[in-house]
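See structure below.
Coordinate-derived values only; no laboratory data. Since the model is a prediction, treat every value here as computed from it, not as a measurement. Ideal geometry is used to build each Cβ from the backbone, glycine not excepted, and the neighbour counts take in all protein chains shown.
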Amino acid sequence: MNFSLKLLESNSEISRKILQELAIYMNKAFNTAIPSISQELKTTVKQAIQSQPEYTALVSGQLKYELGINSASKIDNIVNIWSNNLSVESKKVTVSGSSLKGSISFGMIKDNYSDVLSSDSASIKDSNTGSVVPWLYWLLLGGGDILVRDYAVRIGPNPRSRTGNAIMVSSNKNWRMPSQYVGTADNNWVYRAISSLDSTIEAMIQKKLEQSI
């Protein structure tokens, strides 16, 4: 007994239907993976920001005293704003010619840093003079510019100090951000932290998608 088969659809039509099924499968994988990617990304970014020398210097080092930061919670509030504002979105996988097309995109740091600069934690008000120190703006965007004219920081115990260990005093010099911590819009504390994560984020996304397939 002999049998014969006849394909009723062309190769291109069969390929298109296979791709359509794969697109449905991949979209399910994307939807499953996105929440996990988002949560791990927030943790990864937060750890990266806290691993930078600026964070340590703000909490317990030179910048704490230079800027007069009297509460580590201000620093952590800023870091939390950055990590909590992260968003992950996927673009639906669709058939495009003989291949599939889709993407995962991230919303991270606002390019004008308005999300953190508008926070109460981004500045400090001196209770003695009433002056406001925009410490975060200075650190992120101040560059190497003169930030306080005719004043310098004197390190050492002092009852008038917000931190107890530094005050600004009149000087024939001008105060600038210490050179190792100078920041500009495209090269500062958080920018450097995020830029260091490219390969880590790529590997994490691949792993999460593989787990969801």
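Computed values, structure above
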quantity	calculated
Stretch gain in nm, segment residue 70-residue 92, where the contour uses 0.36 nm per residue and the Cα spacing is subtracted	3.2 nm
Highest average packing first - 80-88, 125-133, Cβ atoms within 10 Å	80-88, 125-133
GNM top mover of 60, 73, 103 - the chain, alpha-carbon springs below 10 Å	103
Inter-part distance where region 118-143 and region 169-185 are each reduced to a Cα centre, Å	14 Å
Loop-located trypsin sites (Lys or Arg not before Pro) in region 74-122 whose Cβ has at most 14 other Cβ within 10 Å (DSSP)	110
Zone residues, region 37-63, relative to residue 204, backbone N less than 19 Å from point 7 Å out along Cα-to-Cβ	37-53, 55
Chain lengthening between residue 43 and residue 132 when straightened (0.36 nm per residue, less Cα-Cα)	28.9 nm
Efficiency of FRET from Cβ geometry, residue 103 and residue 12, R₀ 30 Å, rounded to 0.05	0.75
Local electrostatic count at residue 84 - Lys and Arg +1, Asp and Glu -1, tallied over other residues with Cβ under 10 Å	+1
Virtual spin-label span in nm between residue 186 and residue 212, 7 Å along Cα→Cβ	3.2 nm
Per-peptide average of other Cβ atoms within 10 Å, ordering 203-211, 30-38 highest first	30-38, 203-211
Spacing of the two label points (7 Å from each Cα toward its C-beta) at residue 115 and residue 36, in nm	2.4 nm
Percentage relative contact order, the chain, counting C-alpha pairs under 8 Å, at least six apart	23 percent
Estimated [θ] at 222 nm from DSSP helical runs (n ≥ 4, -39500 (n - 2.57)) normalised by residues in the chain, nearest 500	-15000 deg cm²/dmol
Scattering curve values for the chain, log₁₀ I(q)/I(0), Debye with Cα scatterers, q = 0.11, 0.13, 0.17 Å⁻¹	-0.66, -0.81, -1.13
Calculated FRET value between residue 171 and residue 196, using beta carbons and R₀ = 35 Å, to 0.05	0.45
Residues with amide H under 5 Å from that of residue 148, placed H, sequence gap 5 or more	175
Residues with amide H under 5 Å from that of residue 104, placed H, sequence gap 5 or more	91
